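Report on the following structure.
Coordinate-derived values only; no laboratory data. All of these numbers come straight from a predicted model, not from anything done at the bench. Cβ coordinates were reconstructed from backbone atoms using ideal geometry, including for glycine residues, and neighbour counts include every protein chain displayed.
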Amino acid sequence: MSPPIAILGAGPSGLALARLLQVAKIPFVVFERDASRASAAAGGSGPLDIHADSGQIALREAGLIEQFRKFARTDASNTIADQYGKIHLHMGGDGEETDRPEIDRRDLQRILLDSIAEDRVHWDCKVERVQKEEDGTMSVHFANGKTQGGLQLVVAADGAWSKARSLITPAKPEYSGIHYLTTSLSNENPYHHVAKGLAGNGNYMAFGNKKMFITMRMGDGSYFVGVGLHLPQNWSSERSDLMENPSALRDWLLSEPFSDWSSTQKDIIRHTEGNFRPWPLYALPTEELESKWQSVPGLTLLGDAAHLTVPFEGEGVNIALTDSLTLSKLIVEHGLENLNEAVEQYEAVMLPRGIDLIKRSQAQGKFLFAEDSPKSMLRQWGLPVE
Ligand SMILES: Cc1cc2nc3c(=O)[nH]c(=O)nc-3n(C[C@H](O)[C@H](O)[C@H](O)COP(=O)(O)OP(=O)(O)OC[C@H]3O[C@@H](n4cnc5c(N)ncnc54)[C@H](O)[C@@H]3O)c2cc1C
């Protein structure tokens, strides 16, 4: 017999929901497109800060807060500078505990995966579409030709390009105009001490002239280095000559968009290693989410699938984990017999919260990427500006 609940996607939101349902002894299955547990747990990208008033609450309810604290950097500092290297704000560090500790995405992923019975996660299951059947049950169709039918509830936690979203809303991700290009700087790198001097145990973020430069410490002591800048939507495929040749990309960054940045910031970019990963940043249009959301009994969306936004508030994963907690509590409260009531109440809370995050993130982006950032940003935060 098929389990009543299928979760699509083994990212933070899908796995957190899976763990919370497992704790409550509610049967479920997860379908993930990644080929194996190893490839999912290796999941790259930078650190995530998990907030005390949202993401950490979900991890605590899931019985995972101690595991989280083993990997989290509770004394991470945050430094905000301008393009000339002048520091405008320094928060935390020096043994001071932050309420937003940093954790590598891959560590968070591993903690969640390790907490779920192995046979509940099905790998290499790329969802192609979700369908409502005449008898009211849901079915999930996979790219490998297989189908899982007989489901009472499908929870799509399959991220930005969710295959289930269009059943509920016509909203499609819209390009923000901004790309992140990210790479790294290893412990063995002769310029490691320069990165350490800037970011220490936390994050160094410099802004100016509508651009951003970040250096963030990872759990192994290396640094995640990135730039944010206005580029055309398909820039990374149109400039494959640069994306496939990291030293040419570095030269371009240094001679064009970052040519007038400080020598220390440029030194870090110059000495990064390996390929750059492009992140064109998208968000869902809030007007469509507000006016064109038609709930479908037997289906709902979680995390980025529901409210994808640009990452400028640093809350996406926190809200995604909070969605999982909200939905799991309502499923437990209503029981498997009343899943549709649970979903209705979940969406009544989740959707306005998600729309609010999209709006706040977009507003924040305007200040981060303003001509006179970081001053514009500090003013917006009500902080003194020199
Ligand atoms: C560059 C960048 C930086 C960010 N920084 C931060 C930050 O500092 N702090 C913060 O809070 N948030 C940050 N975010 C946002 C955060 O990453 C997301 O909000 C969070 O990952 C959402 O989790 P999720 O589980 O909903 O989706 P995802 O993390 O996208 O996970 C979706 C899962 O579904 C799987 N999947 C996708 N399609 C299919 C399919 N067709 N079939 C089956 N499986 C599928 C994927 O492989 C993946 O495992 C950042 C985002 C970006 C792009």
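Some points to look at:
- Computed from Cα positions, the angle between helix 12-23 and the longest principal axis of the chain comes to roughly 40 degrees.
- Greater than 26 Å apart at Cα, pairs in Lys70/Lys211; Lys210/Lys266; Lys163/Lys366; Lys172/Lys366: Lys70/Lys211; Lys163/Lys366
- Other residues lying with their Cβ under 12 Å from the Cβ of Lys292 contribute a combined charge of -1, Lys and Arg counting +1, Asp and Glu -1.
- Taking a ≥ b ≥ c as the square roots of the Cα gyration tensor eigenvalues, the chain comes out prolate, since a/c reaches at least 1.5 and a/b is larger than b/c.
- Rounded to the nearest 500, the helix-only mean residue ellipticity at 222 nm of the chain stands at -10500 deg cm²/dmol, with each DSSP H run of n ≥ 4 adding -39,500 (n - 2.57).
- Listed from fewest to most Cβ neighbours within 10 Å, the set Thr286, Thr215 follows the order Thr286, Thr215.
- Here Glu244, Glu386 are placed in order of increasing Cβ neighbour count within 10 Å, fewest first, which gives Glu386, Glu244.
- Projecting the Cα positions of Gly46, Gln294, Pro384 onto the charge dipole of the chain (unit charges on Cβ atoms of Lys, Arg, Asp and Glu, taken about the Cα centre) puts Gly46 furthest along the positive direction.
- Bridges between two residues of the chain, per DSSP, are antiparallel at a rate of about 70%.
- Helix 339-368 vs. the chain, principal-axis angle (Cα, 0 to 90°, nearest 10): 10 degrees
- Cα gyration tensor category, rounded, prolate or oblate, for the stretch 228-386 with a/c compared to 1.5: prolate
- Listed residues Asp82, Asp220, Asp372, most fluctuating in the chain (Gaussian network, C-alpha, under 10 Å): Asp220
- At full extension, Glu118 and His230 could sit 36.1 nm farther apart than now, given 0.36 nm per residue minus the alpha carbon distance.
- The Cα center of the stretch 76-115 and the Cα center of the stretch 125-172 differ in position by 36 Å.
- Springs between Cα atoms under 10 Å define the GNM used for the chain, and in it the highest mean-square fluctuation of Leu198, Leu254, Leu59 occurs at Leu254.
- Residue exposure proxy: Ser36, Ser162, ordered by other Cβ atoms within 10 angstrom of their Cβ from fewest to most, comes out as Ser36, Ser162.
- Among Ala72, Ala35, Ala305, residue whose mean-square fluctuation peaks in a GNM of the chain (springs only between Cα atoms under 10 Å): Ala35
- Estimated FRET transfer efficiency when R0 is 35 angstrom, pair Asn144-Arg277 (beta carbons, to 0.05): 0.85
- The phi torsions of the stretch 150-161, fed into the Karplus equation with coefficients 6.51, -1.76 and 1.60 and a -60° offset, translate into couplings of x, 8, 7, 8, 10, 10, 8, 10, 9, x, 3, 10 Hz, rounded to whole numbers, with Gly and Pro shown as x.
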